[in-house]
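The values are calculated or read from the model by the stated rules, or taken from the named source; none is laboratory data. Quick caveat: nothing in here was measured; it's all calculated off a predicted structure. A quick note on method: Cβ atoms are made from the backbone with ideal geometry, for glycine too, and the neighbour counts reach across all protein chains shown.
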Amino acid sequence: MLGDPDNESVFERLSDAIWDRFSFIFPLRIIQQPERVTILDYRPTLAMFLTGVGLLLVALGFVVLFFGMDIAIMSGLWTIGIPLLVCVVFLFKGTIRETYCFDKEAGTYALVRQFIHRREVIEGALSQFTAAYVKTETHEDSETYYVVLKQEGMFLTGVAEQTLREEVPIFNSFDREARIANAISNYLSTHRD
C-alpha cells in the first residue's frame, strides 16, 4: 500500500529524509489568531522550481560569456537567449505563492493565488464551508495529496467541494497537507457559531 512507512523501500525513505531537509527553503506557514487563520504556502510547482533553476543557469552562463570565454559573442547570446525566453514563458505561467485567509470577524474567506504578473482571488462567505480534509490520489508509483474544503450543499459551480491547490507543489506530503486541513478544520469547528 502506498503511503505506508512499513512498505517503503530504503531509497524512498532516504529521498523523503533528503527532501525534508530542504523544505525550509519553501516554507509553509500557518498563522492562527483568535479571529483569523492565515496560511502562507510558498511551495512552488515542479515547473516553477525548474524555471528558477533555469534562470540561475542562464545568469551563470551570461557571467561566463561576459568575462570572456573564447566563444563568438553572437553564438553565445543565442545559446543564452533561447533558454532565457523559455524560462520567461514558464515564469509567467506558475504561481509564486498561495495564501488562504479565513476571518470570523468579517465572516469571509479569501483564497489568493499570486503569479508574477497577476493575482487570482476567490472570496466568499465563511459559513459555506463545514470542514477540510486531505484527498489522496494514487498513481502507479506515487501518491499526491490535496486539501479539499467541504461546502454546504451545491453552489453555482455544481460541486460540493473546493480544492485549494490545483497543481501539486514540490514537497507535497500527507503531513504538510494534513497540517493545512487540520488548521482550517479546527478553525471552522471552533468558530461555527
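Here are the numbers for this structure:
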quantity: Leading residue by the ranking (surrounded by the most Cβ atoms within 10 Å (Cβ to Cβ)) among those in the stretch 160-174 that are β-branched (Val, Ile, Thr) and closer than 24 Å to PHE129 by Cα; calculated: VAL168
quantity: Breaking point among (1) in contact with a Phe, Trp or Tyr (Cβ under 9 Å, 6 or more places away or on another chain); (2) assigned to a helix (DSSP H, G or I); (3) without any contact (Cβ under 8 Å) to a residue 60 or more places away in the chain; (4) among the aliphatic types (A, V, I, L, M), for ILE180; calculated: (3)
quantity: Residue check for TYR146: of a type outside the set (Asp, Glu), free of Cβ contacts under 8 Å to residues at least 40 places away in the same chain, in contact with a Lys or Arg (Cβ under 7 Å, 6 or more places away or on another chain) and in a strand (DSSP E or B); calculated: yes
quantity: One residue from LEU188, LEU156 being surrounded by 12 or more Cβ atoms within 10 Å (Cβ to Cβ), hydrophobic (A, V, I, L, M, F, W, C) and at pLDDT below 90; calculated: LEU188
quantity: Count of residues meeting criterion [surrounded by fewer than 17 Cβ atoms within 10 Å (Cβ to Cβ) and either within 15 Å of the chain's Cα centre (by Cα) or outside any helix (DSSP H, G or I) (or both)] in the stretch 121-132; calculated: 7
quantity: Criterion violated by ARG118 - all others in (1) exposed (fewer than 15 other Cβ atoms within 10 Å of the Cβ); (2) under 15 Å from ASP41 (Cβ atoms) satisfied; calculated: (2)
quantity: Residue within the stretch 106-113 that is over 23 Å from TYR42 (Cα atoms) and of a type in the set (A, V, I, L, M) present; calculated: yes
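Condition check ((1) exposed (fewer than 11 other Cβ atoms within 10 Å of the Cβ); (2) modelled with pLDDT under 90; (3) among the acidic types (Asp, Glu)) across all residues:
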| residue | (1), (2), (3) |
| --- | --- |
| ASP4 | yes, yes, yes |
| SER23 | no, yes, no |
| PHE26 | no, yes, no |
| GLY54 | no, no, no |
| LEU57 | no, no, no |
| LEU60 | no, yes, no |
| VAL63 | yes, yes, no |
| MET69 | yes, yes, no |
